[in-house]
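Taking it in order: structure first as structure tokens, then the write-up.
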Amino acid sequence: MTQSHTYDYPHKAHPAMANALRQLSADMVEQANSGHPGMPLGMADIMTVLMTKHLQFYPQDPLWPNRDRLIVSNGHGSALLYSTLHLLGYKEISMEEIQRFRQLGSLTAGHPEYHPQAGIETTTGPLGQGFANAVGVALSAKILAARLGNDTINYHTYVFAGDGCLMEGINHEAASLAGHLILNNLVVIFDDNHITIDGSTALSTSENTCARYKAYGWDVLSIDGHDLQAIDEALTRARTHTRPTLIAARTSIGKCSPTKEGSHKIHGSPLGKDELTELRKRLGVSKKPFHIHPAIRTLWEEAGLRYADMHKKWCDSHEVTLQNYRVRVQESLTIDCLNACLRDLDTTLPRATRQTSQDVLEKLAPHLPHLIGGSADLTASNNTKTGSMLDITSTTLNGTYINFGIREHAMAAIMNGLSLSSDFVPYGGTFLVFSDYLRPALRLSALMKIRVIYVFTHDSIGLGEDGPTHQPVEHLASLRAIPNLQVFRPADLHETKNAWVSALAYKGPTALILSRQPLPQLDRTCAQLYESMSVFHSQDLPPCVTLLATGSEVSLALAVQEKLRTDCIGSTVISVPNKADLEALTPAKRTQIIPQDSLCVVIEAARATDWYDIIGRDGIVCGVPSFGASAPLADIYAQVGLTVPTITEKIRNHPAMMEP
């Protein structure tokens, strides 16, 4: 296949090609009676120039590893992305999908949802997330190029972003780090239309955005976003810059709309029949919805073939190199391989699970160079860096550790971007209480089902003297409520090892909840194992109580078990590092470890009310009823009743334990 069309710029067909995007986008929103036509009408000129002159891609191989990436961070304008992908020849975005915009089961969802085979590089919509993902995608290209060579990997990452994306706090975090790392393969096109949902941006901001980006260390260009030649020249310059680039493109929201152009009223509502009819006249397009002039459709299809020769040459020269690298990555992530790396790891000494996590990483990291670690300025506290890891900097991109700085939210979204490349497995650390700072990005990890590992340390009131501001109480239950997210709270080295193996093998995100305080290594000589769980039975006594515990409270539960035994009360302790494993058991299997007539008691230093779905309302939850306090660990545990005497008394006084 050869390159079939060369554009001399400005090409006379470009205005008509841009108007085809406007037409399709407006038709999609109108038919769905839902959507955001303002951005597509305003950014159609930019999209046309980018796709016909600059973005390197090949629709017949949408997963081409060295393709340029386009991330639409202002994802409410998804109709523009879908219209473009359809006209370029991405097979999965058919006319049927275009006409099913925002309908159940369609690929053309209200906001872009990760589907790279269809040209959708990430899930966007929550403003600023796509921008921060792009920093990770661009960084991924830099790291991989440092390992395999710039001839093999040299793609650029382009971002469409609106005023909302640049206002969100995550944008400030991500842009600052991108400037620090000098990601010159990152180009952000700012839809500078001065409009937000409420009206003019003057209502809420007066900052000099371009000056802010210059302060971050970016190159900044300002253009008329409807001047085709200016767009082309800016994109040409951006590709030669030695720093990341912001192109501030002054546009008019709802461009060409007869009465709504430039108004916030066109942001999120269909044009309406009369307005759409007049728009068609202005654009000079067919009166028939979804009908694109054959000559214009041909020009778009030819634009999709522009890099056919480049694609073939790359595949002939470099595909095997990258494929071999990826095969090694996948082989190293098999459970057998991971367990082999950890075979000799053992200890009998009490250790915090944040420390046993580092012990695991020390063994794994030398064998997993695609494991990219980091921390939000808490490396020594999170224990996320090993002796074999080198820092990734602007000049040493072949490292394996990122100093994210105090940027939890950007860290999580950048890890999403690293994971999207499929060449790296990222993990990042912070305190569990600060999972709130990054939750929107973590939620998108789960929504996309991508492999990202969150290392959350300092997991409970066991944090002690730092006080309730740093002691997580509600966080464990709230993380367990997120679909697709694995949540492990290990009790010792054995469970920490298993949690890491599961996280690395799982095709989705994982949260590791780790203690600050030392925990004893549990003796499992006589324990039964069910999935990730360990079951410890009383000796010589039939169990009438089942104690379920996680993390640091497993040893407490075993102490309660011993106290009950001295009172001739038999019990079973179940260590449940991953509550989902217990929930997934069949009723028959669950009955084997939790007898139906057993009194169930949960012991967990958290708001543990999410356990009632397992133990029933007749069970006992020994948790943390409110926020913690600033005091030594033992004093706080005593205050909330997480002690052997208090728990055993609750059990003895429970109606199920009373004599008939």
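The values are calculated or read from the model by the stated rules, or taken from the named source; none is laboratory data. Small disclaimer: the values here were computed from a predicted structure and weren't measured. So basically every Cβ, Gly included, is an ideal-geometry build from the backbone, and we count neighbours across all protein chains shown. The area values use the complete protein model at the heavy-atom level, side chains included, leaving out ligands, DNA and RNA. Shrake-Rupley method; radii C 1.70, N 1.55, O 1.52, S 1.80 Å.
Within the stretch 103-112, does at least one residue satisfy the condition of being of a type in the set (Val, Ile, Thr) and either modelled with pLDDT under 95 or within 16 Å of the chain's Cα centre (by Cα) (or both)?
Taking the stretch 103-112 first, the residues of a type in the set (Val, Ile, Thr) are 108.
Narrowing further to those that are either modelled with pLDDT under 95 or within 16 Å of the chain's Cα centre (by Cα) (or both): none.
The answer is no; no qualifying residue exists.
If only one of ASP613, ASP581, ASP540 is within 35 Å of the chain's Cα centre (by Cα) and either modelled with pLDDT under 95 or open to solvent by less than 10 Å² (accessible area, probe 1.4 Å) (or both), which one is it? If you could, list the steps in order and put the result at the bottom.
Details: ASP581 fails: either modelled with pLDDT under 95 or open to solvent by less than 10 Å² (accessible area, probe 1.4 Å) (or both); ASP540 fails: within 35 Å of the chain's Cα centre (by Cα).
Every option except ASP613 fails the conditions.
For TRP64, which of the numbered conditions (1) of a type outside the set (Gly, Ala, Ser); (2) under 21 Å from VAL188 (Cα atoms); (3) within 27 Å of the chain's Cα centre (by Cα); (4) open to solvent by less than 20 Å² (accessible area, probe 1.4 Å) fails to hold?
Of everything listed in (1) of a type outside the set (Gly, Ala, Ser); (2) under 21 Å from VAL188 (Cα atoms); (3) within 27 Å of the chain's Cα centre (by Cα); (4) open to solvent by less than 20 Å² (accessible area, probe 1.4 Å), TRP64 misses just condition (2).
Could you tell me whether ILE46 is touching a residue at least 60 places away in the same chain (Cβ under 8 Å), assigned to a helix (DSSP H, G or I), open to solvent by less than 10 Å² (accessible area, probe 1.4 Å) and not polar (S, T, N, Q)? Can you show your working first?
Details: touching a residue at least 60 places away in the same chain (Cβ under 8 Å): yes; assigned to a helix (DSSP H, G or I): yes; open to solvent by less than 10 Å² (accessible area, probe 1.4 Å): yes; not polar (S, T, N, Q): yes.
Against the criterion (touching a residue at least 60 places away in the same chain (Cβ under 8 Å), assigned to a helix (DSSP H, G or I), open to solvent by less than 10 Å² (accessible area, probe 1.4 Å) and not polar (S, T, N, Q)), ILE46 qualifies.
For the stretch 16-43, which residues satisfy the criterion of being polar (S, T, N, Q) and in contact (Cβ under 8 Å) with a residue 60 or more places away in the chain?
Keep residues of the stretch 16-43 that are polar (S, T, N, Q), which gives 19, 23, 25, 31, 33-34.
Once the filter is applied, which keeps residues that are polar (S, T, N, Q) and in contact (Cβ under 8 Å) with a residue 60 or more places away in the chain, the stretch 16-43 yields ASN19, GLN23, GLN31, ASN33, SER34.
Out of all the residues in the stretch 456-463, is one or more within 18 Å of the chain's Cα centre (by Cα), within 25 Å of LEU186 (Cβ to Cβ) and open to solvent by less than 10 Å² (accessible area, probe 1.4 Å)?
In the first step, residues of the stretch 456-463 are kept if they are within 18 Å of the chain's Cα centre (by Cα); the result is 456.
Okay, now just the ones that are also within 25 Å of LEU186 (Cβ to Cβ), so none.
Checked against the condition, which is being within 18 Å of the chain's Cα centre (by Cα), within 25 Å of LEU186 (Cβ to Cβ) and open to solvent by less than 10 Å² (accessible area, probe 1.4 Å), the stretch 456-463 yields no hits at all.
Name the pairs: first residue in the stretch 382-407 and assigned to a strand (DSSP E or B), second residue of a type in the set (A, V, I, L, M), Cβ to Cβ under 6 Å, at least 6 apart or on different chains?
Taking only residues 6 or more apart or on different chains, the pairs are TYR401/MET389; ILE402/ILE392.
Sort through ARG243, ARG282, ARG237 and tell me the only one that's open to solvent by 30 Å² or more (accessible area, probe 1.4 Å), in contact (Cβ under 8 Å) with a residue 24 or more places away in the chain and assigned to a helix (DSSP H, G or I). Explain how you work it out, then say what you get.
On the way: ARG243 fails: assigned to a helix (DSSP H, G or I); ARG237 fails: in contact (Cβ under 8 Å) with a residue 24 or more places away in the chain.
None of the other options fit; the residue is ARG282.
Considering only the stretch 423-444, how many residues are assigned to a helix (DSSP H, G or I) and closer than 30 Å to GLY467 by Cα? Full working, then the answer.
In the first step, residues of the stretch 423-444 are kept if they are assigned to a helix (DSSP H, G or I); the result is 432-444.
Retained after the next criterion (residues that are closer than 30 Å to GLY467 by Cα): 432-443.
Selection size over the stretch 423-444: 12.
Can you name the residue in the stretch 285-317 that is basic (Lys, Arg) and not in a loop (DSSP other than H, G, I, E, B) and is also least open to solvent (accessible area, probe 1.4 Å) among such residues?
Within the stretch 285-317, the subset basic (Lys, Arg) is 287-288, 297, 306, 312-313.
Checking the rest, the ones that are also not in a loop (DSSP other than H, G, I, E, B) come to 297, 312-313.
Numbers: ARG297: 57, LYS312: 110, LYS313: 141 Å².
The qualifying residue least open to solvent (accessible area, probe 1.4 Å) is ARG297.
Looking only at the stretch 167-190, decide whether some residue is assigned to a loop (DSSP other than H, G, I, E, B), at pLDDT 95 or above, among the small types (Gly, Ala, Ser) and crowded, with 20+ Cβ neighbours inside 10 Å. So that I can check it myself, show each step before the final result.
Going residue by residue through the stretch 167-190, those that are assigned to a loop (DSSP other than H, G, I, E, B) are 168, 181-185.
Retained after the next criterion (residues that are at pLDDT 95 or above): 168, 181-185.
If we keep only those that are among the small types (Gly, Ala, Ser) too, we end up with none.
No: zero hits.
I'd like to verify a number: residues in the stretch 320-336 that are open to solvent by 40 Å² or more (accessible area, probe 1.4 Å) and touching a residue at least 40 places away in the same chain (Cβ under 8 Å), how many?
Pass one, the stretch 320-336, residues open to solvent by 40 Å² or more (accessible area, probe 1.4 Å): 320-321, 323-324, 326-328, 330-331, 334-336.
From what's left, touching a residue at least 40 places away in the same chain (Cβ under 8 Å): 321, 326, 334-335.
Result for the stretch 320-336: 4.
Identify the residue in the stretch 483-524 that is of a type in the set (D, E, K, R) and part of a helix (DSSP H, G or I) and, among all such residues, is least open to solvent (accessible area, probe 1.4 Å).
Looking only at the stretch 483-524, we keep the residues that are of a type in the set (D, E, K, R), and these are 489, 492, 495, 497, 507, 516, 523-524.
This time we only want the ones that are part of a helix (DSSP H, G or I), so: 495, 497.
Values: GLU495: 5, LYS497: 41 Å².
Taking the candidates together, the pick is GLU495.
Got at least one residue in the stretch 473-482 being in contact with a Ser or Thr (Cβ under 7 Å, 6 or more places away or on another chain), within 28 Å of GLU649 (Cβ to Cβ), surrounded by 24 or more Cβ atoms within 10 Å (Cβ to Cβ) and touching a residue at least 60 places away in the same chain (Cβ under 8 Å)?
Looking for residues that are in contact with a Ser or Thr (Cβ under 7 Å, 6 or more places away or on another chain), within 28 Å of GLU649 (Cβ to Cβ), surrounded by 24 or more Cβ atoms within 10 Å (Cβ to Cβ) and touching a residue at least 60 places away in the same chain (Cβ under 8 Å), one finds none in the stretch 473-482, hence no.
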